[in-house]
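The values are calculated or read from the model by the stated rules, or taken from the named source; none is laboratory data. What you see is a predicted model; the values in this text were computed from it and never measured. Neighbour counts are summed over all protein chains in view; Cβ atoms, including those assigned to glycine, are modelled from backbone coordinates with ideal geometry.
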Amino acid sequence: MATHTGGLTATVPETGTAAVRISGLVRAFGERRVLDGLDLSLRAGEFVAMLGRSGSGKSTLLRALAGLDHDAGGEGELSAPDHVSVVFQDARLLPWKRVLANVTLGLSGADAQERARTALAEVGLAGREDAWPVELSGGEQQRVSLARSLVREPQLLLADEPFGALDALTRARMHTLLARLYERHRPAVLLVTHDVDEAIALADRVVVLDGGHIAADLPVDLAAPRRPGTPEYAVLRERLLVRLGVEVPSG
Ligand code: ADP
Ligand code: MG
């Protein structure tokens with residue numbers, strides 16, 4: 001099924017189908033099992049945030065899903081869609097290519113330029129097509145990176161702490177932008193973040209990776225807009241922090 005959204009074509013998989021299915025996944029570096037029997041599924045169009053301590057294997061899992069983990073040994077079952085895009089903490093733009101060329105990189109089809117222009121407009125960068133990456137702020141570079149991902153119309157968007165290097169205000173703006181892009185394009189999303197509030201603000205479900213497997217899997221059943229301050233928000237936030245091993249003061 002295809003729907004037209006703002007000039008871009010979004011393929012919306014049937015609801016209820018699985019975008020990601022991982023079962024008994026093991027990923028090891030030498031003797032060390034970083035992922036150890038991990039099970040996780042994402043439905044088509046579902047937005048899942050993943051929290052976990054540093055070194056718990058979040059990036060290892062994303063690399064496995066993106067097919068970028070040839071240096072890891074392992075076993076288990078993993079199925080992901082054909083069209084997967086990845087956004088990293090650093091925008092990873094090619095400095096010797098202008099913004100538009102960074103977005104069209106690897107795109108085929110006569111309409112590639114037009115699609116890239118539309119995607120740049122969607123992330124608020126209309127008019128910056130001819131800029132060099134070095135002329136952009138960190139937030140703008142990350143917008144280009146989002147445009148580059150979305151123009152490929154992924155069925156699965158993998159984001160590895162994409163806003164971790166941005167200042168708080170820019171990060172808040174990026175949350176709004178990502179939420180809007182998600183509403184429009186509806187890929188399944190697996191967002192790795194260390195920010196509990198970012199996870200709650202954006203995701204349908206928050207999972208915690210610990211000990212090589214999913215140690216908590218909590219739905220975000222909060223009415224929009226999800227603002228800190230309500231009792232339900234506080235309860236969910238505290239449950240997640242406890243799962244992350246953060247001591248939460250009582251009272
Ligand atoms: P996270 O993203 O949760 O911080 P990572 O997935 O990057 O964690 O890393 C998990 C563990 O695997 C860490 O101990 C890290 O040192 C180790 N690791 C990751 N990549 C490699 C690699 N290519 N070779 C050896 N060890 C690795
Ligand atoms: Mg990481």
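Points worth noting:
- Test: L42 is under 23 Å from V196 (Cβ atoms), modelled with pLDDT under 95, outside any loop (DSSP other than H, G, I, E, B) and more than 10 Å from ligand 1 (Cβ to nearest atom): no
- Count - residues of region 65-111 that are surrounded by 14 or more Cβ atoms within 10 Å (Cβ to Cβ) and more than 30 Å from S137 (Cα to Cα): 7
- Residues in region 175-199 that are under 18 Å from V48 (Cβ atoms) and either aromatic (F, W, Y) or more than 16 Å from ligand 1 (Cβ to nearest atom) (or both): H175, L178, A179, L181, Y182, E183, H185, R186, P187, A188, V189, D197.
- Meets criteria (out of contact with any Ser or Thr (no Cβ under 6 Å at 6 or more places or on another chain), free of Cβ contacts under 8 Å to residues at least 24 places away in the same chain and within 22 Å of D90 (Cα to Cα)) for T170: no
Here's the yes/no breakdown for (1) on the phi > 0 side of the Ramachandran plot; (2) modelled with pLDDT under 95; (3) crowded, with 22+ Cβ neighbours inside 10 Å:
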site: V123; (1), (2), (3): no, yes, yes
site: E129; (1), (2), (3): no, no, no
site: L136; (1), (2), (3): no, no, no
site: L158; (1), (2), (3): no, no, yes
site: A165; (1), (2), (3): no, yes, no
site: T170; (1), (2), (3): no, yes, no
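- Elements of type strands (runs of 3 or more DSSP E) contained in region 174-251, each with 2 or more residues being at pLDDT 95 or above and buried (at least 21 other Cβ atoms within 10 Å of the Cβ): 188-192, 205-210
- Taken over region 45-60, the criterion of being within 13 Å of ligand 2 (Cβ to nearest atom) and either of a type in the set (F, W, Y) or part of a strand (DSSP E or B) (or both) is satisfied by M50, L51.
- Test result for A188, of a type in the set (A, V, I, L, M) and without any contact (Cβ under 8 Å) to a residue 24 or more places away in the chain: no
- Exactly one residue out of Q113, Q89, Q141 is in contact with a helix residue (DSSP H, G or I) (Cβ under 7 Å, 6 or more places away or on another chain) and within 14 Å of M174 (Cβ to Cβ), and it is Q141.
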